[in-house]
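Let me begin by presenting the structure, written as C-alpha cells, before commenting on it.
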C-alpha cells in the first residue's frame with residue numbers, strides 16, 4: 001500500500017519541473033557490483049541528474065573486466081516508453097524504479113524487493129546495450145521504458161582511471177571485512193589475531209600496490225607527476241620531504257619548509273603515500289581540511305594512503321603523521337595528475353559519470 005501511495009502522490013504532483021537545461025552533474029546512484037540476469041560480468045553503474053534532480057538523466061555503465069563503457073542521456077522520458085504507450089510517469093517515479101531495480105542487482109547493496117521494479121540488460125547491434133525498466137503494481141504491468149546505451153571510445157587514461165576505481169572498491173571491501181573479522185578473532189585468539197590479520201592486509205595491500213604501479217608507471221613518462229622522499233619526521237606534524245625524485249615545477253611547488261605542496265594547475269590528482277611506523281596514521285590535508293586517512297598499521301610496520309580528488313589551482317596539500325615513527329623512519333609520496341579540465345573535452349573524458357558526449361563535455365567546460 002505504501003508503494004501505491006507513493007505512486008499516487010508522485011503521479012498527482014506536477015508542481016516541480018521535470019526538465020531543465022542543466023547538465024546531469026549530480027550522481028544520484030553509484031553501484032560497483034551489478035550483475036544482470038544472463039550476464040556473467042559485473043558492472044559499475046551510475047545515474048546522474050541535474051542539480052535540481054530533474055532531467056536530463058544520464059545512465060553510465062562500465063563492464064569491470066573488459067573496461068567497456070556505455071552511456072545514454074535522457075531528455076524526454078516519453079521517447080523511451082514503448083511505442084503507443086498511453087502512460088506518462090513523473091521523472092521521480094522512473095528514476096526511483098531504476099534505482100530500486102539496479103540496487104536489487106548489486107551484490108554489495110542492501111536487500112531490495114525487486115518484485116515491483118525489474119531492470120534487464122540486452123545486447124543490441126554487437127557493441128550497443130539496451131537497458132529495460134519494467135515497473136509493476138500488484139503484479140500488474142504499470143510501465144516499461146527502454147534506454148539505448150551507446151559505446152564510449154576510451155583512451156589509456158580512461159582504463160587507468162577504471163583500474164583505480166577497482167582498487168578503491170577492493171580497499172573498501174577489505175576494510176569492511178577486517179572490521180567484521182577482527183573483534184571476534186581478538187576475543188578468541190588475543191593479540192595474535194591482530195598480527196595475523198595485519199599480515200593478510202599487508203599481502204593484500206602489496207598486491208594492490210603492484211597493480212597500481214603496473215597501471216601508473218607505464219604512463220608516468222607522459223603524465224604530470226611528483227615523487228618525494230622523507231628520511232625523518234617530527235611526531236604529530238606534517239612530513240618534511242627531504243628528497244625530490246621527480247617534479248614538474250609548472251604544476252607543483254614545494255614550500256620553503258618542504259612540508260606543503262602548492263598546485264600550480266587545477267585537475268584531478270591521485271595521491272599515494274607510504275610510511276614506516278610502529279603505530280600511527282597518515283593524513284592528507286587539502287588547504288588545511290582533512291581529506292583522507294591511511295588504513296591500519298601492517299605487520300611489517302608501515303601504513304599506506306590512497307586518494308584521488310579534484311584539486312583547484314593554488315590549493316595546498318600536506319601529509320601529516322600522528323603516532324610513533326620507526327627508529328629508521330622513511331616515507332614516500334607520489335602524486336599523479338590523472339586529467340585536467342580541458343582533457344575532458346580533448347579526450348572525451350568518457351569514464352566520467354557527468355558527461356556523455358563531446359557536446360555535453362564542451363558545455364560543461366565553457
(message) Based only on other Cβ atoms within 10 Å, what is the fewest-to-most ordering of 232, 32?
(response) 232, 32
(request) Please work out how much length the chain gains when fully extended from residue 289 to residue 125, using 0.36 nm per residue of separation minus the C-alpha to C-alpha distance, in nm with one decimal. (result) 54.2 nm
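We did not get these values from a lab; they are worked out from the coordinates using the rules stated. Since the structure is predicted, the reported quantities are computational estimates derived from the model, not experimental observations. With ideal geometry, Cβ positions are generated from the backbone for all residues, glycine too; neighbour counts draw on all protein chains shown.
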